[in-house]
């Protein structure tokens, strides 16, 4: 059975806790749209919480906060970093929680998140929606970013591998940023998977993007796995040189990000992007391909089977 209650959390007086007695999540009401907490009931938050930002509201400075946030790509210092420091509307209808932000004054874009939780599993569906209230068309992509706690590893599957000379054409691209260091010890460049570890002692950030036709990405930390399932459009034009997923890490978090294809959003139009979340316990931190296929891949397959049931 689902329960929704208004609670204080992290210094904010108005937040909303959704639980099925297995997992719970907390939606901020005083700022947002944000999901600031996700985890098993009475256990630690899987998301990062930025202590210096917790409880703060208003102002024109963009704040990290932590948790799960909603952006629009491609990244731009002016457009992307619009502050989400003001209250949002949070309503429930037919078991779905609707979180609605006022339109951004600078862009005319409005962010909405719909949240549906399974009554008897760790499955949560997050639908991200952009509405263009401006006067002009805007080319963009919905962008969903989960800011994960320290000490874990992000896992990204590569497309199926082949052989030479049978497979002569390229299969996929990887996107690097100017500060990406492929020799950094946080990376594991496997045959079938790429791993990026979060390290609190790291002195520089790392980031990469990838096409992921298999439609999943994961983060393993403290014996738990957070798995995102999403739809990959093989014909879509994705931001950042074709990135359907992106991983970014620094010394206090790792961001697990998925993106929708770019589209021109006409005035009055909407664009959506959906993630299906799953949380699993008893998962060892992977060190390479074999660990992923033994301990994580069966859970991903289980999650994919469950997507259509919510």
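Numbers below:
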quantity	calculated
Close pairs from the range 189-203: first touching a residue at least 60 places away in the same chain (Cβ under 8 Å), partner surrounded by fewer than 19 Cβ atoms within 10 Å (Cβ to Cβ) and assigned to a strand (DSSP E or B), Cβ under 9 Å, at least 6 apart	195/187; 195/188; 195/189
Residue 310 in contact with a strand residue (DSSP E or B) (Cβ under 9 Å, 6 or more places away or on another chain), modelled with pLDDT under 95 and within 25 Å of residue 37 (Cβ to Cβ)	yes
In the range 279-294, residue surrounded by the most Cβ atoms within 10 Å (Cβ to Cβ) [restricted to those that are part of a helix (DSSP H, G or I) and touching a residue at least 60 places away in the same chain (Cβ under 8 Å)]	292
Residue ID - nearest to residue 60 (Cα to Cα), chosen from residues in the range 77-91 that are at pLDDT 95 or above and in contact with a strand residue (DSSP E or B) (Cβ under 6 Å, 6 or more places away or on another chain)	88
Which numbered condition residue 172 misses (of (1) outside any strand (DSSP E or B); (2) crowded, with 22+ Cβ neighbours inside 10 Å)	(2)
Residue tally, condition within 21 Å of residue 298 (Cβ to Cβ), touching a strand residue (DSSP E or B) at 6+ places or on another chain (Cβ under 6 Å) and either at pLDDT below 95 or outside any strand (DSSP E or B) (or both), over the range 124-167	1
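The values are calculated or read from the model by the stated rules, or taken from the named source; none is laboratory data. Bear in mind that the values here come from a model prediction, so they are computed numbers and not experimental data. Cβ coordinates were reconstructed from backbone atoms using ideal geometry, including for glycine residues, and neighbour counts include every protein chain displayed.
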